[in-house]
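The values are calculated or read from the model by the stated rules, or taken from the named source; none is laboratory data. If you're wondering where the values come from, they're calculated on a predicted model, not measured in any experiment. Glycine gets a Cβ as well: all are built from the backbone with ideal geometry, and neighbour counts include every protein chain shown.
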């Protein structure tokens, strides 16, 4: 159980275009979803926290107009990288948690590798 | 803010025991978690401590000392498949369960 699906796993786009990444909890209702960014051989940097039906809370230094997050249902959150530029190239990972006994565990998607040309 | 420190790399041989330390500074603390990540893969949950002491899960154990702002992950009977990066993460808020991750420790297991 506790499977999180992230799609696409890999995307290449031209500079100036927008890219949408989906994160779905397949077998549980995720009260909270998180979006991280990870550079090669580095840690996971928390970008934002989203709760279903409310606006995402962004970490300091993360541009909310650049990284649009929508958490429309208890099983789906999306991250849209708007007007992507080469410096946005990175590995983006989502995770989900729920309000049950395992509330302090995050279940991660497999990540999306974004390359902006 | 949050600050976590881990060794960047550890090397050990198969069958050995290795300890990965994590020290943290955080404004508000709820718990310390450990995650494993293989190259190119998703982080997977290993262990969680909210209270002082040792938590054992098979070959992996995790320890927390809240007074020392310190924890460690202990891996026993190392196997080649344990070669991965290990991250400690603190959660500083009960409601949001936001995790802040350490820089990660690359564990190399050699035959």
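Assorted remarks:
- Residue match in segment A:49-57 (condition: more than 14 Å from chain B (Cβ to nearest Cβ) and more than 22 Å from residue B:3 (Cα to Cα)): yes
- Test: residue in segment B:94-106 that is at pLDDT 95 or above and more than 10 Å from every other protein chain (Cβ to nearest Cβ): yes
- No other residue among B:100, B:48 is free of Cβ contacts under 8 Å to residues at least 40 places away in the same chain and within 24 Å of residue A:37 (Cβ to Cβ) apart from B:48.
- Residues that are surrounded by fewer than 18 Cβ atoms within 10 Å (Cβ to Cβ) and within 30 Å of residue B:8 (Cα to Cα) within segment A:12-48 comprise A:39, A:40, A:41, A:42, A:45, listed in sequence order.
- Inclusion of residue B:54 among residues that are touching a strand residue (DSSP E or B) at 6+ places or on another chain (Cβ under 9 Å), more than 17 Å from residue A:93 (Cβ to Cβ), in contact (Cβ under 8 Å) with a residue 40 or more places away in the chain and away from chain A (no Cβ under 14 Å) is not warranted.
- Single residue of A:53, A:61 found to be surrounded by fewer than 14 Cβ atoms within 10 Å (Cβ to Cβ), in a loop (DSSP other than H, G, I, E, B) and touching a strand residue (DSSP E or B) at 6+ places or on another chain (Cβ under 8 Å): A:53
- Scope segment A:30-43; condition within 17 Å of residue A:6 (Cβ to Cβ) and either over 14 Å from the mean Cα position of the chain (by Cα) or not in a strand (DSSP E or B) (or both); matching residues: A:30
- Hits in segment A:21-45 - residues which are out of contact with any strand residue (DSSP E or B) (no Cβ under 6 Å at 6 or more places or on another chain) and closer than 20 Å to residue A:104 by Cα: A:27, A:28, A:29, A:31
- Qualifying residue in segment B:9-28 (condition: surrounded by 13 or more Cβ atoms within 10 Å (Cβ to Cβ), within 15 Å of the chain's Cα centre (by Cα) and part of a loop (DSSP other than H, G, I, E, B)): no
- Among strands (runs of 3 or more DSSP E) entirely within segment A:66-115, having at least 2 residues that are touching a residue at least 40 places away in the same chain (Cβ under 8 Å) and within 15 Å of residue A:40 (Cα to Cα) singles out A:90-97.
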